[in-house]
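What follows is a short report on a single structure.
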Amino acid sequence: MTALLEIRNLKAEIAGKQILNGYDLTVKAGEVHAIMGPNGSGKSTLSYVLSGRPGYTITEGQALLAGADLSQMSVDERAAAGLFLAFQYPLEVPGVATMTFLRAAVNAQRKKRGEEEMSSPDLIKSVKEIAKILDMDMEMLRRPVNVGFSGGEKKRAETLQMMLLQPKLCILDETDSGLDIDALKVVSNGVNQLRSKDRGIVVITHYQRLLDYITPDVVHVQSAGRIVRTGGKELALELEETGYASYQSEAA
Amino acid sequence: MSNAPATPSRKLTDAETRLAEIFATQQSAGAPQLATLRTAAFDAFSKTGLPNRHDEAWKYTDLRALLRDVKPLAAPPEESAAQSMRDAAVLTGVAARRIVFVGGYFVPTLSDLGDLEKGLSVMSLSEALAKGDAATTALLGKVGKVDDPAFALNTAFMGEGVVIRIGAGRCVERPIQLVFVAGEQPATYFLRSLIVVEKGARATLIESFEGATTQEYHVNAATEVVLEEGATLERLKISREGGAAMHVSTFVASLAANARLSDFGLNLGGALLRNQSFVSLNGQGAHAGVRGANILKNKEHADATLFLDHAAERSESKALFKSVLEDSSQAVFQGKILVRPGAQKTDARMMARALLLSEGAQANCKPELEIFADDVQCAHGSTVGALDENLVFYLMARGIGRIEAEALLTEAFIGEAIDAVENRSVREALAALVAERLRARK
Ligand SMILES: Nc1ncnc2c1ncn2[C@@H]1O[C@H](COP(=O)(O)OP(=O)(O)O)[C@@H](O)[C@H]1O
Ligand SMILES: [Mg+2]
């Protein structure tokens, strides 16, 4: 069966500086992978390269989403094909109402996939249900996208978008940063509801803590732009003990 | 009638010569005062001729160079041609009392003048002029002290428009919409309206200008507004002219004590659009919100020139202009705030922002403050920028296509000016009009 995400010897650069140095990763449907690594090792870069952020150039290798070459797709096509990135630093979009944004996103994706648009009442109903799971006040969703949200509220909002859009492949870039323990539990609960045999989840994190709540099937250690070690969930605990120092020196 | 140009030293342009010829043969209907008014206006025009870039107020819009020829004065349209414009009007979603002009002529059969609210009187300009209506002739051209060649031309040639009066203390809820639809043929339209809102009265006025033709035509429109003590007027002006049209419009308003003016202009099309506003805050506590938005493409050029004259204590003005510019379009904003001696506690704020959607687009901004009182608050600012590509990426990463992502961000940009529109149905209709326009991009 085709893997959901297949990254082969991927090399990518930004501003002429090579960040990804021969990245290999395979995520099958139904799996949850954790990518851990020191700051600056290129974790966010990987997520941006996959989602098609302008400025990031693939110089070698390939990234395939359900067999389709991501580099041949525009940013919005990748999203419609099922790729979702929960941003490490979600952006504020002044003047664009959250509901307008959610409706535009859901319906743009549906349209590209040749599906029927979601009606406004259905959308509001879905959003309300998800907001309840994430313990979010609907009042917040009447504001412009992320405007004036705290760091934790932004992470909840990202999770809400993800749960609404029901992507095939979820990439969570340090979704745990800025969350207190209660918020972490709530958000993890939301993410766990997305676990399914048809969906892949990649959790990028610096700390082991998140993995207490979202249990990974596979844990990878990333250093200097590639994966240097892969293991089971016990690898995360080991990293908690030893830290990243040995990997940083190995990369240097 | 003597129309000899007062400055024979300069060779007249073809357009100026043609204007003089047309003026000389014009039949002046109506009262003798009117003929005097027109002649004085044309003489005033002849002293300077068409304004050019050496006139400070026309620095960025050289009408003398741009107006190559003068299209003939419009002839009355066939009734069938007028009827075919029935559905043309913008803002059809607003349940306004519509007064329709096609090809420069009032079309009673398309207009709704039945069951006028108590205190509301509406007369076509031609009717008021023919009758020699004393109240009208006493005010026409005298609402403000405007010394401007385009306005003088309008006074010299004014053909059709309306005279509206709202009686003291009356609140006319239903918006009144003047719909000006250009004819099919090249023509020049001189449109003129006079609006008097008496003491404590309120009204909403919409003026929409549109043309479906790709032929070049010229609109010279002027609206004079008198707001008596405590009167309130919300005015909306929408220009969606044909792609080759030239549209010059003058807005003159005089505000008595505690009068409130809320003005919003939206420019969606036309080769050249010049909107000049002369707003005088003559009474204590008068308030004027003057806002505008341009969405331009191709080589369209829109010039908003604003003169806010604070002549009384505690008067306030808020000006906000937003431009969204594609291709090699150009927006000009010139704003002058004058605070006269004695106009203490004036609060005047002016802001112009432009969003450039392509490299060839251009925004010019020239603010000017002239302050002769010491206890005032005045501020002005301007910004020019592009869309934030990080935000475009964020929206696209959620599956939203580029055009839609840019439209959402652009709507948000323009939204600040539209949000200030007080009448809810008008505000929503304007937002819908903007949304439609932004999604019509290729
Ligand atoms: N716009 C940029 N221009 C140049 N270098 C960048 C840019 N963005 C990130 N980098 C560099 O790429 C490397 C990886 O960054 P990043 O992917 O954010 O790491 P991580 O998410 O693992 O902390 C860092 O050395 C960072 O300085
Ligand atoms: Mg990062």
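Among the residues of region B:233-275, those identified as farther than 24 Å from B:Lys322 by Cβ and open to solvent by 10 Å² or more (accessible area, probe 1.4 Å) are B:Ala244, B:Ser254, B:Ala256, B:Ala257, B:Asn258.
Out of the residues in region A:153-185 that are within 16 Å of ligand 1 (Cβ to nearest atom) and small (Gly, Ala, Ser), which is least open to solvent (accessible area, probe 1.4 Å)? If we take residues in region A:153-185 being within 16 Å of ligand 1 (Cβ to nearest atom) and small (Gly, Ala, Ser), then A:Ser177 is least open to solvent (accessible area, probe 1.4 Å). Within 12 Å of chain B (Cβ to nearest Cβ) and either open to solvent by less than 50 Å² (accessible area, probe 1.4 Å) or away from ligand 2 (no atom under 16 Å from the Cβ) (or both): does that describe A:Ala63? Spelling it out, it is not the case that A:Ala63 is within 12 Å of chain B (Cβ to nearest Cβ) and either open to solvent by less than 50 Å² (accessible area, probe 1.4 Å) or away from ligand 2 (no atom under 16 Å from the Cβ) (or both).
Could you please find all residues in region B:220-231 being in a strand (DSSP E or B) and open to solvent by 20 Å² or more (accessible area, probe 1.4 Å)?
B:Val226
When only residues in region A:79-94 that are open to solvent by 20 Å² or more (accessible area, probe 1.4 Å) and touching a Leu at 6+ places or on another chain (Cβ under 8 Å) count, which is farthest from the other protein chains (Cβ to nearest Cβ)? Ranking the candidates gives A:Ala81 first.
Restricting attention to region A:158-213, the residues that are part of a helix (DSSP H, G or I) and either in contact (Cβ under 8 Å) with a residue 24 or more places away in the chain or among the hydroxyl-bearing types (Ser, Thr, Tyr) (or both) total 22.
Scanning region B:340-358 for residues that are more than 23 Å from the chain's Cα centre (by Cα) and hydrophobic (A, V, I, L, M, F, W, C) yields B:Ala343, B:Leu356, B:Leu357. Taking helices (runs of 4 or more DSSP H) as the structural unit, those lying wholly within region B:325-442 and holding at least 1 residues that are within 14 Å of another protein chain (Cβ to nearest Cβ) and within 23 Å of B:Lys237 (Cβ to Cβ) correspond to B:402-418, B:424-439. Quick check, is A:Leu165 of a type outside the set (Gly, Ala, Ser) and more than 30 Å from A:Gly95 (Cβ to Cβ)? No.
Filter region A:214-244 down to residues that are at pLDDT below 90 and either part of a helix (DSSP H, G or I) or among the aliphatic types (A, V, I, L, M) (or both), then give me how many there are. Spell out how you get there, then give the answer.
Residues of region A:214-244 at pLDDT below 90: A:236-244.
Next cut, either part of a helix (DSSP H, G or I) or among the aliphatic types (A, V, I, L, M) (or both) only: A:236-242.
Matching residues across region A:214-244 total 7.
Could you check region A:52-88 and list, in sequence order, the residues that are within 16 Å of ligand 1 (Cβ to nearest atom) and either closer than 16 Å to B:Ala405 by Cβ or free of Cβ contacts under 8 Å to residues at least 12 places away in the same chain (or both)? Correct list: A:Gly52, A:Arg53, A:Pro54, A:Leu85, A:Phe87. Taking region B:374-428 as the range and being of a type in the set (S, T, N, Q) and open to solvent by 10 Å² or more (accessible area, probe 1.4 Å) as the test, the residues that pass are B:Gln377, B:Ser382, B:Thr383, B:Asn390, B:Asn423, B:Ser425.
Is one or more of the residues making up region A:134-141 under 30 Å from A:Leu4 (Cα atoms), at pLDDT 95 or above and more than 13 Å from every other protein chain (Cβ to nearest Cβ)?
Yes: region A:134-141 contains one or more residues that are under 30 Å from A:Leu4 (Cα atoms), at pLDDT 95 or above and more than 13 Å from every other protein chain (Cβ to nearest Cβ).
Scanning region B:256-278 for residues that are without any contact (Cβ under 8 Å) to a residue 40 or more places away in the chain, within 19 Å of B:Arg202 (Cβ to Cβ) and either part of a strand (DSSP E or B) or not assigned by TED's automatic domain parsing to the domain that holds B:Phe209 (or both) returns B:Arg260, B:Leu261, B:Asp263.
Of the residues screened, B:Ala429 is not one that is at pLDDT 95 or above and in contact with a strand residue (DSSP E or B) (Cβ under 6 Å, 6 or more places away or on another chain).
Only residues that are small (Gly, Ala, Ser) and touching a Ser or Thr at 6+ places or on another chain (Cβ under 6 Å) were counted in region B:338-362, giving 5. Any residue that is open to solvent by 20 Å² or more (accessible area, probe 1.4 Å) and either under 14 Å from B:Ala74 (Cβ atoms) or in a strand (DSSP E or B) (or both) - is there at least one of those in region B:194-213? Yes - at least one qualifying residue is present in region B:194-213.
Residues that are among the β-branched types (Val, Ile, Thr) and either open to solvent by 50 Å² or more (accessible area, probe 1.4 Å) or in contact with a Gly (Cβ under 7 Å, 6 or more places away or on another chain) (or both) were ranked within region A:95-132; the one that is farthest from the other protein chains (Cβ to nearest Cβ) is A:Ile124.
Scanning region B:404-437 for residues that are closer than 25 Å to B:Gly385 by Cβ and not hydrophobic (A, V, I, L, M, F, W, C) returns B:Glu404, B:Glu406, B:Thr410, B:Glu411, B:Gly415, B:Glu416, B:Asp419, B:Glu436, B:Arg437.
Scan region B:332-349 for residues that are among the aliphatic types (A, V, I, L, M) and open to solvent by 10 Å² or more (accessible area, probe 1.4 Å) and the total you get is 1.
Find the residue count for region A:15-44, including only residues that are open to solvent by 50 Å² or more (accessible area, probe 1.4 Å) and within 15 Å of ligand 2 (Cβ to nearest atom).
Total satisfying the criteria: 2.
Answer yes or no: is there a residue in region A:95-102 that is in contact (Cβ under 8 Å) with a residue 40 or more places away in the chain, within 14 Å of ligand 1 (Cβ to nearest atom) and among the β-branched types (Val, Ile, Thr).
Within region A:95-102, not a single residue is in contact (Cβ under 8 Å) with a residue 40 or more places away in the chain, within 14 Å of ligand 1 (Cβ to nearest atom) and among the β-branched types (Val, Ile, Thr).
With respect to being within 30 Å of A:Glu13 (Cα to Cα), within 14 Å of chain B (Cβ to nearest Cβ), within 16 Å of ligand 2 (Cβ to nearest atom) and of a type in the set (A, V, I, L, M), A:Ile204 falls outside the description.
The values are calculated or read from the model by the stated rules, or taken from the named source; none is laboratory data. Everything numeric here is computed off the predicted structure, so don't read it as measured data. Using ideal geometry, Cβ is built from the backbone for each residue, glycine included, and neighbour counts are taken over all protein chains shown. We work out accessible area using only protein heavy atoms, side chains counted, and drop any ligands, DNA or RNA first. Shrake-Rupley method; radii C 1.70, N 1.55, O 1.52, S 1.80 Å.
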